[in-house]
Amino acid sequence: MKRFTCVLAASVCAAVLVSRAQGLDPARLLKPATDTWPTYNGDYSGRRFSTLNKINANNIGALSLAWVYRLNLGGGPVIGSSATIKSTPLMIDGVLYFSTPDHAWAVDARTGREIWHYLWKSTGGNHLANRGVAILGDNLYFETPDDYLICLNVKDGTERWHKQVADLNRFYYGSVAPVIVKNHVIVGVSGDDLDIPGYLDARDPETGELQWRWWVVPQKKGDPGSETWPNEEMARHGGGMTWQPITYDPELNLIFVATGNPQPVLAHKNRAGNNLFTASLVALNADTGKMVWYFQSSPHDTHDWDSTQPGVIFDGEINGRPRKLIAQAARNGHFFVLDRTDGKAIVSAEYVKTNWALGYDEKGQPVPNPAKMPQVDGALVSPAAGGGANWQPPSFSPATGLFYVPAARTFSMFYLYDPGDNPQGWGGQDRGGYSESMVQAIDYKTGKIRWSHKWEGAARSGLLSTAGNLLFSAGPGNSMVALNATTGDALWHTRLNGAISNGPITYELDGLQYVIVGASDMLWAFVMNK
Amino acid sequence: MRHGVIGLIAATVIVVSLGAQQPQTPPAGRGAGGGRGQTYPPPSRGGGGGGGAAGPADKPLVDFALADKGKDVWIAECVTCHGAQARGTDTGPNLLRSVLFLRDRYGNEIGPFLKKGHPLQSGKPASSLTDEQITNLSHFLRKQLNDTLRGATVFTVQDIRTGDAKAGEAYFNGAGKCTTCHSATGDLAGIAGKYESVDIQQRMLFPGGGRGGRRGGPPPKSAVRVSVSPPGGAPVSGVLVYMDDFVVTLQDESGVSRTFKRTPAFKVQKTDPLEAHHALLETISDKNIHDLVAYLETLK
């Protein structure tokens, strides 16, 4: 009889769990608990920091493998990265949700058992990456390479609707993880093959209908920023993709979008000027999409340095005064700390040594050196087009006050292929390269490097810092490494099936702390059983 | 009128010269191998390829013979307003950014548009264009578009020989310290005949691609070597196979692969024969680079 009660209790428990596993309460987006990872970055701030400390610098050696999940494509073809996990999973009520181009999955966070898989029949598009899904209530959203926003039932992965958000004929593609802000699904667009304008959309969570659109580049003469383009034709086709997830400050009701490079990408004779609002960090009103401020981290970029690295939100102290801050380690090798209420720069500094800027202007924005723009006979530039940082998300730890960047010191030669007066598309390319990979830990108050952990080989992934004084990163040789977040010392490592292809996340279930990471076609779960 | 004729002739010459351009080897792109045996981060996006992975799956394929025929129509009827490369002039828009053209499949969009009465430069009515001519025009336009993409045959390095050979020779023998390891009459003799200018430039700046050597064969001269000193043990040296914060693997003089656990007391000394090249990246100017290439081009 006692045993029966036990079984009954367990059944009730299971029923409660099942009933809870029906989606995401919007309130949890504002104050995520430690038993969830409800957005691309874990919360709206972009810090990728967890207050969990059950896995810590003292016990990391006892971290164990919990399970692995290998992608089941459900008979779908392997196109581009459709079998590579570049998305950051969401974890809600014991279920992990993640995506690759054309695919989405739900997997049991305790066991790695697949719950459902969804396959979208593609009509084309660049299958380079998919960064992840967003969830609101029972709805799950993700983008496809052929420019659809898909809405699935989070319970069983069945499709509710799909909506076209960009024109595939213009070579747009979808890759960004949508982010839910109040009653808006915030979606961006990708693509830099043709000269097309970037934009950011807010869409209705129930229907996918457009609520507002913010164009990154001016669409007509007189629009803000049009004075930084030679003419309307170039501005209207000036690029500035929005292919990384936004961050959000609920108190200010500001969305922070980081924008891509201008078009044509390397050849630039026909787009004289700063080319606003490309390669910028921009604050938008979340309900209207109206721009509140901007900071251009790469004025008149000519090196494919999109500035889509996230604007990471935190409150800090500058010269003894509490400040609302936002920081970005841009692809061009420069680190910026701004006041997020008005976009005014507080710190501008290199986080890796570069050779392309003459200094900073009065706004703290780098001033490009014309001699280091692409040349017919080549210009030696550092960083290379791949950048000092790229799409891999950084981390900020309020416990150490350090901003961690998955960085690289690189060089390449930038060649101008099309020296004509009216280039289009790319018109040039960088070739060759020297590269050193490292994690840079930056003191946000000064921009100075507190420590630098150099890798003995290529290694770059998203980062995760925790209150356990740990920083998780890719290491060389397909490894995952835990560094001491205060000193940068390597504490622990393990070998995976491939290089880490996303950013690690952490959560607590049943009193146990897990770390989840994707490497190629496998999702790995580690747990502290002690 | 005269300007118009001259403009037309000039544009025609440009079109013809573009058409006559020989197919070229696509650019090597990235990933040729950076310093220290690392591979350079792969291309961040995979567009290109004359269309490559970007765009719709049913995007039109270019038939070059039909594109050539389309070029004749273009020169006769379109070039004055839309330009040699269809990127527009003061009197006609850039067609490669036209949404109507980008949606076109072998003439199914541009045909009906033209036949509605679009003016032709010959003065003939657009309705006189045959379906075949419209299809050929579509191939010509798509080729112009693909030529702007990464991986297109015309998308490659131009003539980079702009340096001063004498200044390059002085840098080679002086500030560049190249003679520490190299000799114009020794290892570099005849290099101009072996490589294209851009390859000389690339190899000079970023040597070391594929320097790992073949398994079982002798390691290349540029291989990174390590010497390790285990606490209380005899030093061991060899060619570096792998190293991270926790282990180091080397191939010793007898060809045996040995792995050692790294600890604070365990000393590892690394010797990279290409270190001088890596260090040069910090100091060499673009002028030095171009002068050096010009000098190396004289070593025939």
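The values are calculated or read from the model by the stated rules, or taken from the named source; none is laboratory data. Keep in mind that what you see is a predicted model, and the values were worked out from it rather than measured. Glycine also receives a Cβ, built like all others from the backbone with ideal geometry; neighbour counts cover every protein chain displayed.
Restricting attention to region A:428-442, does a residue exist that is at pLDDT 95 or above, more than 8 Å from every other protein chain (Cβ to nearest Cβ), surrounded by fewer than 24 Cβ atoms within 10 Å (Cβ to Cβ) and farther than 30 Å from B:Val198 by Cβ?
No, region A:428-442 contains no residue that is at pLDDT 95 or above, more than 8 Å from every other protein chain (Cβ to nearest Cβ), surrounded by fewer than 24 Cβ atoms within 10 Å (Cβ to Cβ) and farther than 30 Å from B:Val198 by Cβ.
Listed here are the residues, each with its yes/no results for (1) hydroxyl-bearing (Ser, Thr, Tyr); (2) without any contact (Cβ under 8 Å) to a residue 60 or more places away in the chain.
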position	(1), (2)
B:Ala189	no, no
B:Tyr195	yes, yes
B:Gly238	no, yes
B:Lys267	no, yes
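If you take the residues in region B:266-289 that are more than 9 Å from every other protein chain (Cβ to nearest Cβ) and part of a helix (DSSP H, G or I), which one is surrounded by the fewest Cβ atoms within 10 Å (Cβ to Cβ)?
B:Thr283
Do we have A:Asn169 as more than 28 Å from A:Asp249 (Cβ to Cβ) and assigned to a helix (DSSP H, G or I) here?
yes
Listed residues A:Val95, A:Val68, A:Val107; which is touching a strand residue (DSSP E or B) at 6+ places or on another chain (Cβ under 8 Å) and surrounded by fewer than 17 Cβ atoms within 10 Å (Cβ to Cβ)? Give the derivation first.
On the way: A:Val95 fails: surrounded by fewer than 17 Cβ atoms within 10 Å (Cβ to Cβ); A:Val107 fails: surrounded by fewer than 17 Cβ atoms within 10 Å (Cβ to Cβ).
Answer to the selection: A:Val68.
Out of A:Gly364, A:Gly387, I need the residue that is more than 14 Å from chain B (Cβ to nearest Cβ) and at positive phi. Which one?
On the way: A:Gly387 fails: more than 14 Å from chain B (Cβ to nearest Cβ).
After ruling out the rest, the residue left standing is A:Gly364.
Go through region A:134-171 and report how many residues are among the charged types (D, E, K, R), within 14 Å of chain B (Cβ to nearest Cβ) and buried (at least 24 other Cβ atoms within 10 Å of the Cβ).
2
Just checking, does region A:106-123 include any residue being touching an Asp or Glu at 6+ places or on another chain (Cβ under 9 Å), within 25 Å of A:Gly157 (Cα to Cα), charged (D, E, K, R) and within 14 Å of another protein chain (Cβ to nearest Cβ)?
Yes, region A:106-123 contains a residue that is touching an Asp or Glu at 6+ places or on another chain (Cβ under 9 Å), within 25 Å of A:Gly157 (Cα to Cα), charged (D, E, K, R) and within 14 Å of another protein chain (Cβ to nearest Cβ).
Report those strands (runs of 3 or more DSSP E) wholly inside region A:443-510 carrying at least 1 residues which are at the interface with chain B (Cβ under 10 Å from one of its Cβ atoms).
Fully inside region A:443-510 and qualifying: A:449-454, A:470-475, A:479-484, A:490-495.
Go through region B:84-103 and give me each residue that's in contact with a Ser or Thr (Cβ under 8 Å, 6 or more places away or on another chain), over 20 Å from A:Gly238 (Cβ atoms) and at the interface with chain A (Cβ under 9 Å from one of its Cβ atoms).
none
Can you say whether A:Thr400 is among the hydroxyl-bearing types (Ser, Thr, Tyr), touching a residue at least 40 places away in the same chain (Cβ under 8 Å) and crowded, with 24+ Cβ neighbours inside 10 Å, as far as the supplied structure shows?
Judged against the criteria, A:Thr400 is not a match.
Please verify whether A:Gly425 is touching a residue at least 40 places away in the same chain (Cβ under 8 Å), part of a loop (DSSP other than H, G, I, E, B), within 25 Å of the chain's Cα centre (by Cα) and within 8 Å of chain B (Cβ to nearest Cβ), treating the condition exactly as stated.
Taking the combined requirement at face value, the residue satisfies it.
Among the residues of region B:256-300, which ones are among the basic types (Lys, Arg) and closer than 24 Å to A:Asp377 by Cα?
Of everything in region B:256-300, those that are among the basic types (Lys, Arg) and closer than 24 Å to A:Asp377 by Cα turn out to be B:Lys287, B:Lys300.
One line per residue, one yes/no per condition, for (1) touching a residue at least 40 places away in the same chain (Cβ under 8 Å); (2) small (Gly, Ala, Ser); (3) in contact with a Leu (Cβ under 7 Å, 6 or more places away or on another chain); (4) surrounded by 18 or more Cβ atoms within 10 Å (Cβ to Cβ):
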site: A:Ser297; (1), (2), (3), (4): yes, yes, yes, yes
site: A:Thr302; (1), (2), (3), (4): yes, no, yes, yes
site: A:Thr308; (1), (2), (3), (4): yes, no, no, yes
site: A:Val312; (1), (2), (3), (4): yes, no, no, yes
site: A:Gly316; (1), (2), (3), (4): yes, yes, yes, no
site: A:Pro322; (1), (2), (3), (4): no, no, no, no
site: A:Ile326; (1), (2), (3), (4): yes, no, yes, yes
site: A:Ala329; (1), (2), (3), (4): yes, yes, no, yes
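Taking B:Thr263 as meeting all but one of (1) outside any strand (DSSP E or B); (2) surrounded by 12 or more Cβ atoms within 10 Å (Cβ to Cβ); (3) in contact with a Pro (Cβ under 8 Å, 6 or more places away or on another chain), write down the number of the exception.
Evaluating B:Thr263 over (1) outside any strand (DSSP E or B); (2) surrounded by 12 or more Cβ atoms within 10 Å (Cβ to Cβ); (3) in contact with a Pro (Cβ under 8 Å, 6 or more places away or on another chain) leaves (2) as the failure.
Inside region A:188-240, can you point out the residues that are part of a strand (DSSP E or B), away from chain B (no Cβ under 14 Å) and not aromatic (Phe, Trp, Tyr)?
A:Gly188, A:Leu200, A:Asp201, A:Ala202, A:Arg203, A:Leu210, A:Gln211, A:Arg213
Out of region A:333-356, which residues are more than 17 Å from A:Arg321 (Cα to Cα), of a type in the set (Ser, Thr, Tyr) and either in a loop (DSSP other than H, G, I, E, B) or modelled with pLDDT under 95 (or both)?
Matches in region A:333-356: A:Tyr351, A:Thr354.
What's the total number of residues in region A:357-378 that are under 25 Å from the mean Cα position of the chain (by Cα) and assigned to a loop (DSSP other than H, G, I, E, B)?
Number of matching residues: 2.
Name the pairs whose Cβ atoms lie under 9 Å apart, with the first residue in region A:501-519 and touching a residue at least 12 places away in the same chain (Cβ under 8 Å) and surrounded by fewer than 22 Cβ atoms within 10 Å (Cβ to Cβ), the second part of a loop (DSSP other than H, G, I, E, B) and of a type in the set (Asp, Glu), and 6 or more positions between them or separate chains?
Matching pairs, first to second residue: A:Glu508/A:Asp35; A:Leu509/A:Asp35.
Of the residues that sit in region A:390-410 and are in contact with a Pro (Cβ under 9 Å, 6 or more places away or on another chain) and among the β-branched types (Val, Ile, Thr), which one is nearest to the other protein chains (Cβ to nearest Cβ)?
A:Thr410
Consider B:Ala67 against the criteria (1) modelled with pLDDT of 95 or more; (2) surrounded by fewer than 21 Cβ atoms within 10 Å (Cβ to Cβ): it satisfies all of them except one. Which criterion is unmet?
Answer for B:Ala67: the failing condition is (2).
So, restricting to helices (runs of 4 or more DSSP H) that lie completely within region B:131-250, which ones have at least 1 residues that are within 30 Å of B:Tyr106 (Cβ to Cβ), over 18 Å from the mean Cα position of the chain (by Cα) and more than 14 Å from chain A (Cβ to nearest Cβ)?
Answer list for region B:131-250: B:131-146.
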